[in-house]
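Novice: Have a look at this one.
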């Protein structure tokens, strides 16, 4: 069921440009504060990435370079790998160090992108 939802979301991001469609969800944090949250630009970045425009995706949200491979690794450990490989990679990707590293970097990116908007 989760995989089906991810595929539907991916297909909608491939077919619909979030910048061109008013019905695409907007960031509530940005609407309330005027500041970019760490995830702002995610939809536009994924749209560009799905169309092979890596530089454009990078410009929309630089944290995606870290997030997409991390999330792909999580999906591999959940749905593809089994046995020893799955257990080994789960320790790496789902361990406390990885989780806290991701959380800290995500929050840090939220601060950096508002202090240095030219990034």
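Novice: Provide the convex hull volume over Cα atoms per residue for the chain, in Å³.
Specialist: 128
Novice: Same structure again: Measure off 7 Å from each Cα along the Cα-to-Cβ vector at residue 3 and residue 82, then give the distance between these two points in nanometres to one decimal.
Specialist: Label at residue 3, label at residue 82, 1.2 nm between them.
Novice: Another question about this same structure. Find the eigenvalues of the gyration tensor of the Cα atoms of region 52-119, then list the square roots of 5 times those eigenvalues as equivalent ellipsoid semi-axes, largest first, in whole angstrom.
Specialist: Equivalent ellipsoid of region 52-119: 28, 16, 5 Å, largest first.
Novice: Residue separation times 0.36 nm, minus the C-alpha to C-alpha distance between residue 72 and residue 105: what's the value?
Specialist: 10.1 nm
Novice: If you don't mind, another one. Applying 1/(1 + (r/R0)^6) with R0 = 35 Å to the Cβ-Cβ distance of residue 94 and residue 20, what FRET efficiency is obtained, to the nearest 0.05?
Specialist: With R0 = 35 Å, the Cβ-Cβ based efficiency is 0.45.
Novice: Once every DSSP H run of n ≥ 4 in the chain is given -39500 (n - 2.57) and the sum is divided by its residues, what mean residue ellipticity at 222 nm do you get, rounded to the nearest 500 deg cm²/dmol?
Specialist: So the calculated ellipticity at 222 nm is -21500 deg cm²/dmol.
Novice: Okay, moving on. What is the extension gain from residue 31 to residue 119, computed as 0.36 nm multiplied by their sequence separation minus the C-alpha to C-alpha distance, in nm to one decimal?
Specialist: Separation in residues times 0.36 nm, less the Cα-Cα distance, equals 29.6 nm.
Bear in mind these aren't lab numbers, they're just calculated from the coordinates by the rules spelled out. Since the model is a prediction, treat every value here as computed from it, not as a measurement. Neighbour counts run over all protein chains shown; Cβ positions are idealised from the backbone, glycine included.
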